[in-house]
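The values are calculated or read from the model by the stated rules, or taken from the named source; none is laboratory data. Here the structure is a predicted model, which means the values were calculated and not measured. Heads up, the Cβs are rebuilt from the backbone with ideal geometry, glycines too, and the neighbour counts pull from every protein chain shown.
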C-alpha cells in the first residue's frame, strides 16, 4: 500500500475527472491511440529501414492511409454512438466509489492477473463460438477479419456487437472480482496495450510473446496466424485454452 499510495493520492486529487461521465470514453480512446502511435510510427519507418522490416510478421504488407482512416473512423464512431451512452447510464445508476487507501502492490498485481485470465477465457469462448457458427461470423465477426494482415488500428476495427460484447467483459470483470479502482485502471491499460500488440504486425524483441517463457503467451505471431488462417489461435493472449481445444498453431500451414 505504501508504494502505491502516492500515485493513488494523486489520482484522488483528480476526483472530479474520475467521476465525470466522459472519463471512461476519454480514457479508452486516449489510451488506445497512445498504444497505437508507436506502431504507426514503425509502419512509416519500416519501408525505409530494413532492420525494422525484419521484425514485421508479414514484411510485404503495409497499412494504407485509407485503412488507417477507416479503422480510426470506426473506432471513434463505436465509442461515440454505442459506448458513451452506456457509460453515461452506468454513471447515472452507479456512481464510482473511490476509497482513500491504495491496494498493496501484491494484491494489485494478483487482481490484474486474475482479471486478465478471466477476460482471456471469455474472449476465447466468444471468439471460438463466432468462428464455429457461420451466422455469427457473417453477421458480427467478419468485420474484424477485413484485414488478413493486421496492424495496430485494426485492433478495434469491429462492428458494434463485437465492440460492446468485448467491452462488457472488460468492464464487468473488475466489478465481479471486486478490483480496487487502481487495479481496474491498470487492467484496462494492460488489456488495451496487449490487444494492440497482438494486432500490431511486429514481433519485437521486448514483445510479451517473447518475454513470457514456455510458450504460455501467444503474442503478435499467435494472433497474426489467426488472421491469416482463421481456424486457429482463438485466445487473445495466453495459449492454454487453444492447447486444450486443439486449436493452437505456432506456424503457418496450407489449408
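Looking at 128, 116, which one is at pLDDT 95 or above and either within 13 Å of residue 226 (Cβ to Cβ) or touching a strand residue (DSSP E or B) at 6+ places or on another chain (Cβ under 6 Å) (or both)?
When all the criteria are applied, what remains is 128.
In the set 178, 201, which member is touching a strand residue (DSSP E or B) at 6+ places or on another chain (Cβ under 7 Å) and on the phi > 0 side of the Ramachandran plot?
Exactly one residue qualifies, and that residue is 201.
Select from the stretch 233-244 the residues that are surrounded by fewer than 21 Cβ atoms within 10 Å (Cβ to Cβ) and not in a helix (DSSP H, G or I) and list them in ascending order.
Matches in the stretch 233-244: 238 only.
Of all the helices (runs of 4 or more DSSP H) wholly in the stretch 117-232, which have at least 1 residues that are closer than 30 Å to residue 8 by Cα?
160-176, 181-199, 208-211
Search the stretch 26-46 for residues being closer than 15 Å to residue 73 by Cα and in contact with a helix residue (DSSP H, G or I) (Cβ under 6 Å, 6 or more places away or on another chain), and hand back the single one that is surrounded by the most Cβ atoms within 10 Å (Cβ to Cβ).
36
Looking at the stretch 191-220 only, could you name the residues that are surrounded by fewer than 18 Cβ atoms within 10 Å (Cβ to Cβ) and under 15 Å from the mean Cα position of the chain (by Cα)?
193, 208
Within the stretch 114-142, how many residues are surrounded by fewer than 21 Cβ atoms within 10 Å (Cβ to Cβ), over 16 Å from residue 233 (Cα atoms), touching a residue at least 12 places away in the same chain (Cβ under 8 Å) and touching a helix residue (DSSP H, G or I) at 6+ places or on another chain (Cβ under 7 Å)?
Of the residues in the stretch 114-142, 3 are surrounded by fewer than 21 Cβ atoms within 10 Å (Cβ to Cβ), over 16 Å from residue 233 (Cα atoms), touching a residue at least 12 places away in the same chain (Cβ under 8 Å) and touching a helix residue (DSSP H, G or I) at 6+ places or on another chain (Cβ under 7 Å).
In this structure, does residue 110 turn out to be over 27 Å from residue 42 (Cα atoms) and free of Cβ contacts under 8 Å to residues at least 40 places away in the same chain?
Considered against the rule, which asks whether it is over 27 Å from residue 42 (Cα atoms) and free of Cβ contacts under 8 Å to residues at least 40 places away in the same chain, residue 110 comes out as yes.
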